[in-house]
Amino acid sequence: MKKLFGTDGIRAEAGKFPLDADTVAIIGHSLAKQLERKLGRNATIITGRDTRESGVWIENAFHKGASSAGARCESAGVITTPAIAFLAGKFSFDAGVVISASHNPFQDNGIKIFSPTGKKIDDETERTIEADVFASQTATISENLPPIQDSKIEVLRSTKEYGKTYLEHLAKGFEDLNLKGFKMVVDCANGASSHLVFPLFSGFGADVVIINNSPNGRNINNNCGSLHIGGLKKKVLQEGADFGVAYDGDADRAIFVDEKGNIVDGDASLYIMACFMKERNMLTNETVVATVMSNVGLEIALAQRGIKMLRTSVGDKYVLEELLRTNSNLGGEQSGHIIFPFRSLAGDGMLTTLFILKAIQESGKTLSSLTEGFKKFPQVLINVKVSKKIPFEKIPEVNKALEKIKAEIGEKGRLLLRYSGTENLARIMIEGEDEEKIRLQAEFLGEKIKNSLN
């Protein structure tokens, strides 16, 4: 069966299949029906969205479809992905749905679905939704649905109440955090965190300088946020700030900049938190869960401190599965998704920021000092657009190139080739001692893939 769900929900260009209004309505209808069968009653669903201009009509279409199956839907308005993952359980909803394409440009959008526990829905539910979509039930469902523009999104609680409850949840456990005299710069990516950042961090006494917090529906992630750190680095140095942090459009990831303007990515954040937690006997199993994309330098640095690192496939859902399977309590991705399962089963950029701030305060060190001991190996990442996703082992030209490169890097590097779970891209990652050499190797492999798959 064709798949709609990737590692982070459904993602596509807004207005085109599967994010056209009729298909989104089918997705809502299918989810509501499945929940009804499992629960023996009509479902309740909370939704939220980021700041993309397509968010309102997509959310509306989802409500229309779910309501036609008897579900009661309520919107929390513009809010972060981890907020919905929390609010679904807090207010006893049967599911939480986020309309967001995370770090993608405004033209894209997506649908992420969470259970009340904060975990993403199971594979079986995803497969059933896909089956319903591809069964072309549009005509059958549409007969019983009102026009989208006539369907109103229900709001029983104010969006301010939802936001306030979420901020209280974030602050819990950080009562001793005192940021008076601490200056931080926050890049909101013109996304869902734009109205939440100031009340959270200023509440701890921080001097908060906020950039890219004026969303207009089209500027989300536009040369800002966690994928575009240049502006944040410049602002941190201009302000003489103690550190900076950048979120993506739905604020489930965080990338930091230290007081010297150096980037502190997800790997470095894992290193900081692993060392901090181990020193306080808080690191369960003395284990960190990361993905195959994490730098080999992280694995080496952790090992030197007696900390084991487990690797999973790319995707925070796989990190979470391994955390729960091994009963570990710290994991994440190089991209900035960090999971503290004792607090949240979803990656949460603002929660990660609070933990990093706690490590800075309690250690009495700067952010740059906390990363000492972690040395990244040169790493080259290349994305190659593809028109189809054929297993790489079935492409002779690509296989030959892979064997050549692996022989060249030997045991002093790593090569990872995979398809994106959310986009039509082949992702090449090579690590090694010589950056120029691995870049040429990645470009060589990229050309072979491009010639074979386009």
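Every number in this text was worked out from the coordinates using simple rules, so none of it is lab data. Quick caveat, the model's predicted, so the values are computed rather than measured. With ideal geometry, Cβ positions are generated from the backbone for all residues, glycine too; neighbour counts draw on all protein chains shown.
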Inset, instruction - First check a/c for the chain, with a ≥ b ≥ c the square roots of the eigenvalues of its C-alpha gyration tensor; if it is under 1.5, answer rounded, and if not, answer prolate when a/b is larger than b/c or oblate otherwise. - result: oblate
Inset, instruction - Grab the Cα-Cα distance for Thr159 and Glu433, subtract it from 0.36 nm times how many residues apart they are, and report the gain in nm with one decimal. - result: 93.6 nm
Legend entry - Linear extension gain, Glu286 paired with Lys234, 0.36 nm per residue minus alpha-carbon span: 15.1 nm
Legend entry - Inter-site label distance for Asn216 and Lys375 at 7 Å from Cα along Cβ, in nm: 4.7 nm
Inset, instruction - Would you please classify the overall shape of region 1-146 from the alpha carbon gyration tensor, given that a ≥ b ≥ c denote the square roots of the eigenvalues, rounded means a/c under 1.5, and beyond that prolate means a/b larger than b/c while oblate covers the rest? - result: rounded
Inset, instruction - Sort region 173-370 into rounded, prolate or oblate with this rule: let a ≥ b ≥ c be the square roots of the eigenvalues of the Cα gyration tensor; rounded if a/c is under 1.5, and if a/c is not under 1.5, prolate when a/b is larger than b/c, oblate otherwise. - result: prolate
Legend entry - Part-to-part distance (alpha-carbon centres) for region 385-454 and region 177-196, which is given in Å: 38 Å
Inset, instruction - First select every other residue whose beta carbon is under 10 angstrom from the beta carbon of Glu286; then total the charges, Lys and Arg +1, Asp and Glu -1. - result: +3
Legend entry - Mean Cβ count within 10 Å, highest first, over the residues of peptides 337-346, 57-66, 432-441, 35-44: 57-66, 337-346, 432-441, 35-44
Inset, instruction - Apply 1/(1 + (r/R0)^6) to the Cβ-Cβ distance of Lys3 and Lys450, taking R0 = 25 Å, and write down the FRET efficiency to the nearest 0.05. - result: 0.60
Legend entry - Neighbour cut-off at most 15 other Cβ (10 Å), DSSP loop, trypsin sites (Lys or Arg not before Pro), region 198-266: Arg218, Lys260
